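Encoded as structure tokens, the structure appears first; notes follow it.
The values are calculated or read from the model by the stated rules, or taken from the named source; none is laboratory data. Computed from a predicted model, the values in this text were never measured in an experiment. In this analysis, Cβ positions are derived from the backbone assuming ideal geometry, glycine residues included, and neighbour counts consider all displayed protein chains.
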Amino acid sequence: MRHSVAMAGAIAHELWEHLLRADGQQDVTLATYRPSTGVERQSYLIRTVHPPRPGERDVHGNASFTGDYVLRVASAAFADGSGVAILHSHPGGRGSQGMSAPDADAERSYAHLVHEITGLPLLGMTLAGGDRRWSARRWSPTGEPTWCESVRVIDDILHISWNDALRQPPPLRETQVRTASGWGPKIQADIARLRVLVIGAGSVGLEVALRLAASGIQHVAVMDFDTVELLNLDRLIGATRLDALLRRPKADVAVRLLRQAATAAQPDIRGIDYSICEPRGHEFALDYDVIFSCVDRPWPRAVLNMTAYADLIPVIDGGLHIDPFPDGGMRNATWRSHVIRPGRPCLACIRQLDLGQVAMDREGLLDDPEYIRRAGQARAPARQNVATLSVSVVSSVLAQFVSFVAGPGGRGEPGPLQYLLTTHSLSHLRYTTQPNCYFENATAAGDQRLALTGTHRKAEEARDSRTQTSWQARMISLAATAVQALDERIERCAIRSLRSRSKDPSRLRRVAAEDGGPAGLHE
Ligand SMILES: [Zn+2]
């Protein structure tokens, strides 16, 4: 299991305010967190800051705190189904912070007590005042620390403090020099370490995932339960008639294409043959730092909307709407993009999710034209899509991503955007959160979120149907597998021979210099 901490920007600002004192001394505070449990990652979501009351802590160069303070917050945590975090600052520190012996003793001495009261491990965190980098560890009840690989602050810019010892910055490679020269090796190293999940391997999702892999991101996954069919081929660039004939899962085809596009030294490309609406699919999603929502159905969109707040995993969403005249011809087309995260209105509040349709989708009724007609629903979610315009949605959501992770000019993601094709104008949409928005009120709920997942009959049927193939298809499949294995061998040979060429560091520096790229590139 990997470990990671996440917090909304508002909580991070509250902690900076308290921990980074004007007089330059160390300070300490307690907070509560909720666990959010994925398949391979356990996250700790900071929920509420409980600043010390008078007499509960002492600032004297090294801050200390009383046992009564810990008991007070541990009781509040227990009542809320939460765990306890002890946070302190190293005012002049920069980068990942280790623990001094007194720091470690102070945290260790409460590890057992806090676990007894709350049933959850104590979390210890250090804030480096010099660059606002966080370090975090979880304590076992017996007082053994396990370091967290990252601390994620979800603000208008995604600030991730990586634990360089656990997640080393991947080496920059010749294939990435031009990408890195766009934002510098530090941002490249931070972005390359992100775990990014794309939900939906359709025209938008597949293209987004390919671009992410090509830009050097090491961990890219695509989740889709669907099977490639002939009617997809006008939009799934790279999928073949053979994929359709062999009824290959879209997730597998995506993995094949992404591996060819990936430039990371050790790409970890995964295909997840589930729906985000299935409990297992959702559990996989909780392992990722950023999610792209490239699905148009209300149910998965509702699950993603919940995940963005309850599990503090920002969701970048976008969509295309084509408005044809009833008798042919095009009235207009619009596309939108937005980052869904705490601090921004949710998909329902920006009217990109019709909650009335979620239950219908879950019951499978949106696939039943007779039901839709009888219920007097205007229509199911629009299915029109054209490859020439879907690339505009791809570009729009990727631009949101770059603003969110690279913060050009110090500015983060811009909020909801809409592009109108008729006039070719881009507008910033001004939406505010509806009062009592259920999703936004679930911020940092973690594993206690309202479960919107359940049995997904269509996903189960799609997986089952692939086992029933004809013998001809099985023979062709065997031949295709052999050809693919040969192809992969040739690719590996090419990689080896290219690698020995680019091992020469002076060559990489020369390429970077010719590009006007940053100094200090290394292989
Ligand atoms: Zn909302």
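General remarks:
- Qualifying residue in the stretch 458-481 (condition: more than 16 Å from the ligand (Cβ to nearest atom), surrounded by 15 or more Cβ atoms within 10 Å (Cβ to Cβ), outside any helix (DSSP H, G or I) and modelled with pLDDT of 90 or more): no
- Any hit, the stretch 429-441, residues being in the same structural domain as V290 (by TED's automatic domain parsing) and within 30 Å of G182 (Cβ to Cβ): yes
- Residues (at pLDDT 95 or above and of a type in the set (A, V, I, L, M, F, W, C)) located in the stretch 66-110: V70, L71, V73, A74, A76, A77, F78, A79, V84, A85, I86, L87
- Cβ-Cβ under 7 Å pairs, at least 6 apart or on other chains, the stretch 426-439 side free of Cβ contacts under 8 Å to residues at least 12 places away in the same chain, far side within 14 Å of the ligand (Cβ to nearest atom): none
- Verdict on G67 being free of Cβ contacts under 8 Å to residues at least 60 places away in the same chain, surrounded by fewer than 16 Cβ atoms within 10 Å (Cβ to Cβ) and touching a strand residue (DSSP E or B) at 6+ places or on another chain (Cβ under 8 Å): no
- In the stretch 353-371, residue farthest from I316 (Cα to Cα) [restricted to those that are part of a loop (DSSP other than H, G, I, E, B) and at pLDDT 90 or above]: D354
- If only residues of the stretch 305-329 that are modelled with pLDDT under 95 and either assigned to a loop (DSSP other than H, G, I, E, B) or of a type in the set (A, V, I, L, M, F, W, C) (or both) are counted, the one that is nearest to the ligand (Cβ to nearest atom) is L320.
- Helices (runs of 4 or more DSSP H) completely within the stretch 234-298 that count 1 or more residues being surrounded by 20 or more Cβ atoms within 10 Å (Cβ to Cβ) and of a type in the set (A, V, I, L, M, F, W, C): 250-261, 279-285
- Look at the stretch 80-92: where a residue is under 13 Å from D447 (Cβ atoms) and a partner is in a loop (DSSP other than H, G, I, E, B) and not basic (K, R), sitting 6+ places away or on another chain with Cβ atoms under 6 Å, you get G83/L120.
- Given (1) more than 13 Å from the chain's Cα centre (by Cα); (2) within 22 Å of G9 (Cα to Cα), index of the condition V153 fails: (1)
- Residue within the stretch 182-191 that is under 30 Å from H282 (Cβ atoms), crowded, with 21+ Cβ neighbours inside 10 Å and assigned by TED's automatic domain parsing to the domain that holds R248 present: yes
- Residues of the stretch 438-457 satisfying the condition of being among the small types (G, A, S) and more than 16 Å from the ligand (Cβ to nearest atom): G446, A451, G454
- Residue pairs whose Cβ atoms lie under 7 Å apart, sitting 6 or more positions apart in sequence or on different chains, and linking a residue in the stretch 338-366 that is in the same structural domain as G412 (by TED's automatic domain parsing) and within 16 Å of the ligand (Cβ to nearest atom) to a partner that is of a type in the set (S, T, Y) and part of a helix (DSSP H, G or I), are P342/Y309; C346/Y309.
- Selection status of S396, under 26 Å from P414 (Cβ atoms), surrounded by 15 or more Cβ atoms within 10 Å (Cβ to Cβ) and either modelled with pLDDT under 90 or within 16 Å of the ligand (Cβ to nearest atom) (or both): no
- Residues of the stretch 15-50 that turn out to be of a type in the set (V, I, T) and without any contact (Cβ under 8 Å) to a residue 40 or more places away in the chain, as a count: 2
- Residue match in the stretch 36-58 (condition: hydrophobic (A, V, I, L, M, F, W, C), over 30 Å from R193 (Cα atoms) and assigned by TED's automatic domain parsing to the domain that holds E149): no
Here's the yes/no breakdown for (1) surrounded by 15 or more Cβ atoms within 10 Å (Cβ to Cβ); (2) more than 16 Å from the ligand (Cβ to nearest atom); (3) more than 30 Å from H321 (Cα to Cα):
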{"position": "E413", "(1), (2), (3)": "yes, yes, no"}
{"position": "L420", "(1), (2), (3)": "no, yes, no"}
{"position": "Y431", "(1), (2), (3)": "yes, no, no"}
{"position": "C493", "(1), (2), (3)": "no, yes, yes"}
{"position": "R499", "(1), (2), (3)": "no, yes, yes"}
